[in-house]
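The values are calculated or read from the model by the stated rules, or taken from the named source; none is laboratory data. The shown structure was predicted, so the numbers you read here are calculated from the model rather than taken from an experiment. Note that each Cβ is placed from the backbone with ideal geometry, even for glycine, and that neighbours are counted across all protein chains shown.
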């Protein structure tokens, strides 16, 4: 329980920071605004406190003062939020979709059933699946130790048997809650995993609701919350759902004309898992091409966490080799082997189909909507932006499988389902953005007044 | 009307999907509860954990097949429980953890690797000391 309090403190701190320093507080409609603040605050708060802990604790050895610094920050930001003038309700049009109430109820029921499924997994495997105790939470156990022992979390000795050079966001956050709560309870990584899932659903629902109307927003949230392969990964306590959350958040924020949080989330994805590094690079490139006016703010948002990541990879974990560098010897031979391409392609097909359960596939609800609503040609530019990111990510993952030195069958069997879980929310965002909105005769979604012209342009696209 | 029906069908499909997931997940988890016995590893290794200082680097020996999934699981589970103590799969350190799956003559096992049995914690957990 004491560890859980520090998970909630990070969420509260994140929500207050988002409310105080982003334009999301001016987003309408109100339910979408609340979802976006909760989603951004939860994932952002976990990311921020994880970075502060890693810098202050294992690097600067200031850990004992860290909880007090965080509580002081929480009190200060809370005070600033309290002093802020209230948001004018006149500028908050009601969500007039006739189906908003039943769809919101369906989303709540879906989340309750999903939570029951997740809890059954956590009850059976309180320490999560293999990677949770062999990588993520193992390193958290090193990080909470005093003296110079925290550095063992990225030691080459540890790297010989596990992935000590993986980015530290999740391990560092779990260690923070354990240390501050003075307990190494399995409840903390479980709560973090659940928090990321809820943040993901909130970000997708709120983001699509603002961009394309409440009906499509709620349906997108339903689709994510009911994805069988995604739900299976939450009790695993791996970094794939947090990564999916940060990647989806980055894309949503950029589409909402919030480039600074978009950059922060893209960098946090890189600080979560190696696949996030590819996402960060692709996201920066796609932003430079499709959202040129936003690129400076995106880079500014990404820079602090990116510097932390580079410092960690270059100077701390440099002794632990990565999958990529391990795979370089003999890579040419594997690249020229046509059988590997067939194996990987058929694995992609198999794992994509396996995202469902029985005859249910998470693509099915979207397909029904696509037939009835049709596609909106005005969304083409946005589709290119999100679609390009997805395609390059998939191509990158495909390339890693081709060159990887590991046993290919084992590698795709143990990782490809999680790669698809990472990318699935992006695919859902693209798919739901592409649909014609059934809310076209309702009030137009409103973006922050500060960037009103850009917002209108974005809405018309 | 057609659009409303499609929206409701999509929502119902999601509810159906999550219900199916719940049924399958609970069944799957019942059959795959703690397959690597991590909770049990905490109990097995707790006495050793209490006896060895936190900054120790221990060697590691086992009776499991080298390179097998059982060997990896037992090693990483022991590392997880014993952190921040560090384990290395060799016998070059002064202190060596013996992590065994079956009862055996651990002293004789150690002797073959120039290790002296220092303490048997039970449950296949043994602390060896390197003979000088």
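Among the residues of the stretch A:175-214, those that are surrounded by fewer than 24 Cβ atoms within 10 Å (Cβ to Cβ) and assigned to a loop (DSSP other than H, G, I, E, B) comprise A:182, A:183, A:184, A:185, A:186.
Assess whether residue B:33 counts as being modelled with pLDDT of 95 or more and either farther than 22 Å from residue A:140 by Cα or over 20 Å from the mean Cα position of the chain (by Cα) (or both). Steps first, answer last, please.
Details: modelled with pLDDT of 95 or more: no; either farther than 22 Å from residue A:140 by Cα or over 20 Å from the mean Cα position of the chain (by Cα) (or both): yes.
No.
Taking each residue of the stretch A:162-182 that is within 17 Å of residue A:69 (Cα to Cα) and looking for partners that are outside any helix (DSSP H, G or I) with beta-carbon atoms closer than 7 Å, six or more apart or interchain, yields A:175/A:144; A:178/A:144; A:178/A:184; A:179/A:144. Look through A:329, A:261, A:338, A:365 and report the one residue that is buried (at least 18 other Cβ atoms within 10 Å of the Cβ) and more than 21 Å from residue A:389 (Cα to Cα). The conditions single out A:365.
Look through B:8, B:48, B:87, B:12 and report the one residue that is facing chain A (nearest Cβ under 9 Å) and under 19 Å from the mean Cα position of the chain (by Cα). Quick ask: steps written out before the conclusion?
On the way: B:8 fails: under 19 Å from the mean Cα position of the chain (by Cα); B:48 fails: facing chain A (nearest Cβ under 9 Å); B:12 fails: under 19 Å from the mean Cα position of the chain (by Cα).
Result: B:87 is the single residue among B:8, B:48, B:87, B:12 that is facing chain A (nearest Cβ under 9 Å) and under 19 Å from the mean Cα position of the chain (by Cα).
Scanning the stretch A:347-378 for residues that are more than 10 Å from every other protein chain (Cβ to nearest Cβ), farther than 22 Å from residue B:4 by Cα and outside any loop (DSSP other than H, G, I, E, B) turns up A:347, A:348, A:349, A:350, A:351, A:352, A:353, A:378.
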